[in-house]
There are 2 protein chains.
Amino acid sequence: MDKDRLDPWGSSTIKDYSRLQSEFGIEPVAPLLQRFKTPSHHLSRGIDFGQRDLVRVLDAVDKNKPYAVMSGIKPDGSFHLGNKMTADDMVYFQSLSKKATVFYAIADVEAYADNGLSFNDTSKIATKNVADILALGLDPERAVVYKQSEEMRVMRMSTIFSRSVTNNMLKAIYGERQIGLYLSALIQAGDILMPQLADFGGPKPVLVPVGADQDPHIRLARDLAAKHSDEFGFEPPSAIYHRLEFALTGGYKMSKRVPESGFTLDDTPSEASKRVLSAFTGGRATVEEQRRLGGRADVCPVYDLYRFHFAIDDEHSQRVYRECVEGTRMCGECKQEAASLVRRFLQDHHKRREALIDDARELLTSSRRFLASTGR
Amino acid sequence: MDKDRLDPWGSSTIKDYSRLQSEFGIEPVAPLLQRFKTPSHHLSRGIDFGQRDLVRVLDAVDKNKPYAVMSGIKPDGSFHLGNKMTADDMVYFQSLSKKATVFYAIADVEAYADNGLSFNDTSKIATKNVADILALGLDPERAVVYKQSEEMRVMRMSTIFSRSVTNNMLKAIYGERQIGLYLSALIQAGDILMPQLADFGGPKPVLVPVGADQDPHIRLARDLAAKHSDEFGFEPPSAIYHRLEFALTGGYKMSKRVPESGFTLDDTPSEASKRVLSAFTGGRATVEEQRRLGGRADVCPVYDLYRFHFAIDDEHSQRVYRECVEGTRMCGECKQEAASLVRRFLQDHHKRREALIDDARELLTSSRRFLASTGR
């Protein structure tokens, strides 16, 4: 990890999550755990390790007040495990209260600018992405999905914000970047703050679930919320941070840019399980050594698959860890088990998604109608 | 003038218009004058001195092919003499062919960001601004007026463009600026290129009438048109450049930021004529000297009022010049005459504008309907 900053666009490795606290002011989740009646597996397994102002959201849950959960996706064709992590958080925090509304941004302008995908292409991909999050458990009754290319409010805000940030402020947060990335950051700040506009009932807690490397976007949005609080009444948006998964290819985080480093929810069960079977592990050089020293689950992407996604419950995840570090679980069998969990998950997920594609279309249509009905 | 660049946001003085040619590649208008059957007073008086690719527009006129004329205004409450100059060009180039369409951008997001004006405020101001250009002769039948806050296409393009420019390219054109100004420049490039989108019939010549100091925006739009020509089929937009008026307070160009430097079409006839009567002039220290040496019409803002706006015809403008430099016209009488021309113009203009306010509202409404009916 760079001593000075996190890179939301790069392949950050974060070796020491506790440093995020001292250096960037991300607070630990642990002291708040007692406030959750049924913690998600992200919470109970320490995957969601950090937060900013999470207490605003928990208070809203307790007091039955409205809050929003905000996330998004670039519809470039893949819904990868990182998107699933965010979606899992989104679904969980939506489930905590009937007063929660999810805002989900489809960054189609970015997909066009970065990947050359037409709005026609991205529209199809977006429908599939929405079916993915429905299959992961999103309640469409309390969700608004919007496309960046159609949501003038976000664009307007990003333009307004562009006048109140200085180049130095952006450099301090993101380092020296091309203007395209800075603008993309300002647009994301617009996404994060949109749920607090008068059109959507005004200021409220907004939770943004993100990977730890995305913290710069949260800091920018919070700075802008403060700068524009007189005008818009913004409260500082809240965030919950999840750990980054190790790449199946070893080291670094999984990345869309390195497809072999993970898999997507579009991959066939057999493709994905093949990737798992050939993954890098935290195993020792020989079986003998593994028995004697135990495996290194803490740096093992296969263990991450159990812990982050596919262990059937916390006990299962803990057992895999224990057996690994105690040297009773060998990498071959461990991978076989993980691969079969992945295969089964994808088979089920594809079936669920298939059945929800019409609901996804309907959610996009009803959201569009709703968004057009609001506003100045 | 800065040797390296023009400043579209500052108070450029341009002492030597011919240098614009050698340094920035702006071509002279003169060789094309023969192609105009009835040149505007901007052309016949050398106010429109430069151009880029004007020949594309003239060819479209001759061949009866569609072209667009593009301009805009920040609705911050004043329609000043600089806006009138652009409007005069816009009206003239619209009048050359039934195939010409005017696109007029109301930069309300900028007015919000820069001047803190609400969309409610700017909406009222915009209606008045549109009445101003109708009173100056715009044909509403072939005009589309749009608000920046509502035109997603422009925002989308500016986001796309933000990925294809580099910071170095922007620095070379504009110097080191805050991101807000860069974004504003990219949005203007979106305005300039919008008439060429498929929604509006696809690629075509687009003429942008601008003050000489706005050339950086033209260069950026032309660079971006070239960069994105494969995707959008853009032709390079054309521009016609007018000279900058001297400030009534002496030196430099008239500027919104220095209200005394000019007047607006909202000022009362008596306010405006008072400003004229107390204006700086190119006169000599004494009447005797003025008789002997002649006045300096070439640096006189009062002469500019005649030449740029209020002389009743070219002969009148020439006569004022001649009498001034020959020493037979004294500043006092010259100002009196100018003040009375200004007074009469404003009286008439206010009457015309008043009568056109409903038409302005109707043009905004019909444009909005038209814009909503186009596009995906």
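Just a few scattered comments:
- Cα gyration tensor shape of the stretch A:215-324, rounded if a/c is under 1.5, else prolate or oblate by comparing a/b with b/c: prolate
- Counting only protein heavy atoms and a probe of 1.4 Å, the accessible surface of the protein assembly as shown is 49% carbon and sulfur.
- Cleavage-rule hits (trypsin sites (Lys or Arg not before Pro)) in the stretch A:204-278: DSSP loop, at most 12 neighbouring Cβ within 10 angstrom: A:Arg257
- The stretch B:1-152: C-alpha gyration tensor shape, a/c 1.5 cut-off, then a/b vs b/c: oblate
- Ranked packing of A:346-356, A:179-189, most packed first, by mean Cβ within 10 Å: A:179-189, A:346-356
- Dipole in debye (nearest 20) - chain A, about Cα centre, beta carbon charges: Lys, Arg +1; Asp, Glu -1: 260 debye
- Summing charges over all other residues whose Cβ lies under 11 Å from the Cβ of A:Ile357, with Lys and Arg as +1 and Asp and Glu as -1, gives 0.
- Stretch gain in nm, segment A:Arg291-A:Lys227, where the contour uses 0.36 nm per residue and the Cα spacing is subtracted: 17.3 nm
- Local net charge near A:Arg284, Cβ-Cβ under 9 Å (Lys/Arg +1, Asp/Glu -1): +1
- In the context of the full protein assembly, B:Trp9 retains an accessible surface of approximately 50 Å², using a probe radius of 1.4 Å and ignoring ligands and nucleic acids.
- Of the chymotrypsin sites (Phe, Trp or Tyr not before Pro) found in the stretch B:16-47, those in coil by DSSP whose Cβ has at most 16 other Cβ atoms within 10 Å are B:Phe36.
- Label-point separation in nm, A:Ala372 to B:Ser95, each point 7 Å along Cα→Cβ: 4.1 nm
- Projected label distance in nm at B:Val299 and A:Thr38, using a 7 Å step from Cα toward the beta-carbon: 8.4 nm
- Per residue value of the accessible surface for chain B (all protein chains in place, 1.4 Å probe), Å²: 40 Å²
- Residues whose placed amide H lies under 5 Å from that of A:Val206, excluding near-sequence neighbours: A:Ala68, A:Ser238
- Per-residue ellipticity at 222 nm, computed for chain A from helices alone with -39500 (n - 2.57) per DSSP H run of at least four residues, works out to -15500 deg cm²/dmol.
- Gyration tensor verdict on the stretch B:90-164 (Cα atoms; rounded if a/c is under 1.5, prolate if a/b is larger than b/c, oblate otherwise): oblate
- Length gained on full extension, A:Lys124 to A:Arg322: 66.9 nm, using 0.36 nm per residue less the C-alpha separation.
- GNM flexibility winner over chain A from A:Gly77, A:Gly116, A:Gly250 (Cα, springs under 10 Å): A:Gly116
- With 22 Å as the limit, the listed pairs B:Lys147/B:Lys171; B:Lys98/B:Lys204; A:Lys98/A:Lys204 have B:Lys147/B:Lys171 beyond it between alpha carbons.
- Burial of 30 Å² or greater, the stretch B:134-165 residues [accessible area, probe 1.4 Å, versus chain by itself]: B:Ser149, B:Met152, B:Met155, B:Arg156, B:Thr159, B:Ile160, B:Ser162, B:Arg163
- The stretch A:283-325, relative contact order in percent, only Cα pairs under 8 angstrom and at least six apart counted: 40 percent
- At most 15 other Cβ within 10 Å, DSSP loop - trypsin sites (Lys or Arg not before Pro), the stretch B:1-100: B:Lys3, B:Lys15, B:Lys37, B:Lys63, B:Lys98, B:Lys99
- Across the identical copies, how the A:Ala285 labels are spaced - nm, sorted shortest first, 7 Å along Cα→Cβ: 9.7
- Annotation for B:Asp314, label-to-label distances across the other copies: 8.9 nm (shortest first, one decimal, point 7 Å from Cα along Cα→Cβ).
- Convex hull volume per residue for chain B, taking Cα atoms only, in Å³: 136 Å³
- Closest approach to the axis carrying A onto B, counted by Cβ on chain A and given in whole Å with its residue, is A:Met155, 2.
- Accessible area buried between chains B and A, both sides summed, probe 1.4 Å, in Å² to nearest 100: 3100 Å²
- Residues B:Asn168 and A:Arg344, FRET efficiency given R0 of 41 Å [Cβ-Cβ distance, rounded to 0.05]: 0.20
- Value of Rg to Rh for the stretch A:139-277 (Rh from inverse mean 1/r over Cα pairs, i.e. Kirkwood): 1.04
- Take B:Pro259, push a point 7 Å out from Cα through the beta-carbon direction, and compare it with the same point in every other copy: 6.3 nm, smallest first.
- Relative to one another, the C-alpha centroids of the stretch B:299-376 and the stretch B:152-171 are positioned 36 Å apart.
- Normalised by the number of residues in the stretch A:26-87, the mean separation of alpha-carbon contacts (under 8 Å, six or more apart) gives a relative contact order of 27 percent.
- Take each residue in B:183-189, count the other chain C-beta atoms within 10 Å of its C-beta, and the mean is 3.
- Förster radius 41 Å - calculated FRET efficiency between A:Thr365 and A:Gln336, Cβ distance, rounded to 0.05: 0.40
- Taking 32 Å as the limit for the C-alpha separation, the pairs A:Lys99/A:Lys256; B:Lys74/B:Lys99; A:Lys256/A:Lys351; B:Lys37/B:Lys256; A:Lys274/B:Lys227 exceed it in the case of A:Lys99/A:Lys256; B:Lys37/B:Lys256; A:Lys274/B:Lys227.
- Zero-based 5 Å bins, Cα pair distances in the stretch B:284-356, whole percents: 4, 16, 25, 22, 13, 9, 5, 4, 2, 1
The values are calculated or read from the model by the stated rules, or taken from the named source; none is laboratory data. Being a predicted model, the structure only gives us computed values, none of them experimental. Ideal geometry is used to build each Cβ from the backbone, glycine not excepted, and the neighbour counts take in all protein chains shown. In case anyone asks, the SASA skips ligands and DNA or RNA and just uses the protein heavy atoms, side chains included. Shrake-Rupley method; radii C 1.70, N 1.55, O 1.52, S 1.80 Å.
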